[in-house]
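Worksheet: the structure to be examined is printed underneath.
The values are calculated or read from the model by the stated rules, or taken from the named source; none is laboratory data. Everything numeric here is computed off the predicted structure, so don't read it as measured data. Cβ placement follows ideal geometry from the backbone for every residue including glycine, while neighbour counts extend to all protein chains displayed.
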Amino acid sequence: MSSDPPLAPPSDIDALIARCLAGDQTAWEEIVRRHWRKVFNLAYKFVGRHDEAEDLTQDIFLKIFKALHTFDQRANFQTWLISISRNLCIDHYRSVRKERETMARDVNAADLSPASHDRGPYGQLEQSDLRHLIREALNGLAPALREAVMLRDLQEFSYQESDDRLQLPEGTVKSRINRGRLELARQIKRLQTVGAAARTPPHGDHA
């Protein structure tokens, strides 16, 4: 005799979606279970690391859940899901690349270390100004984001050590670190803009 049929056969995806939209958590868990591997494999191609692919896959499913009400039932659900996932992976890749470029340019953790004695007086002054700018930008972050960024990027704790210190799940800590980095870059640019405006004499000063 054949084994019992699966609890939620593929042909009832529309019913699963309807149940999910009605607030049935088990229906959503079944949708995730069916498609997790395909989405994870796609995410892994973009990030190349298992832990990052898991985080990205979780983020993708969260966005799919929020967009579930927009699915046209005349379409193929898996095709729709993979299309969204691919677009989100592309967006993530671009965001991370831009974030890393910004961090490399504006938020180098080494700049927070004491000035090297090998630097000339102008170099030391420039580094001191940059450290002050970064610390001021850090103060503009929400406390939760600031703490996560400082642990990981400034105090150079590993993700696991950061998780332990914050007593939070790894995915939550990574999310805070990523959001904190982006916000820190925004704060630095804002402070640089304000500083440049303050150094620009108003029109008419030389009249």
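Within the range 52-75, is even one residue more than 24 Å from E170 (Cα to Cα) and modelled with pLDDT under 85? Please lay out each step first, then the result.
The first filter runs over the range 52-75 and keeps only residues more than 24 Å from E170 (Cα to Cα), leaving 67-75.
Next cut, modelled with pLDDT under 85 only: 73-74.
Checked the range 52-75: at least one residue is more than 24 Å from E170 (Cα to Cα) and modelled with pLDDT under 85.
For every residue, the table says whether it meets (1) outside the structural domain of D59 (by TED's automatic domain parsing); (2) touching a residue at least 40 places away in the same chain (Cβ under 8 Å); (3) crowded, with 19+ Cβ neighbours inside 10 Å.
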residue	(1), (2), (3)
L133	yes, yes, no
P143	yes, no, no
L151	yes, no, yes
S158	yes, no, no
D164	yes, no, no
E170	yes, yes, no
Inset, instruction - Pull up the range 34-82, narrow it to residues that are aromatic (F, W, Y) and assigned to a helix (DSSP H, G or I), then point me to the one that is farthest from the chain's Cα centre (by Cα). - result: F77
Legend entry - Residue within the range 83-91 that is part of a helix (DSSP H, G or I), of a type in the set (S, T, Y) and modelled with pLDDT of 90 or more present: yes
Inset, instruction - Mind listing whichever residues of the range 48-81 are buried (at least 16 other Cβ atoms within 10 Å of the Cβ) and β-branched (V, I, T)? - result: T57, I60, I64
Legend entry - Top-ranked residue of the range 132-182 - restricted to ones that are of a type in the set (G, A, S) and in a helix (DSSP H, G or I), ranked as farthest from H50 (Cα to Cα): A137
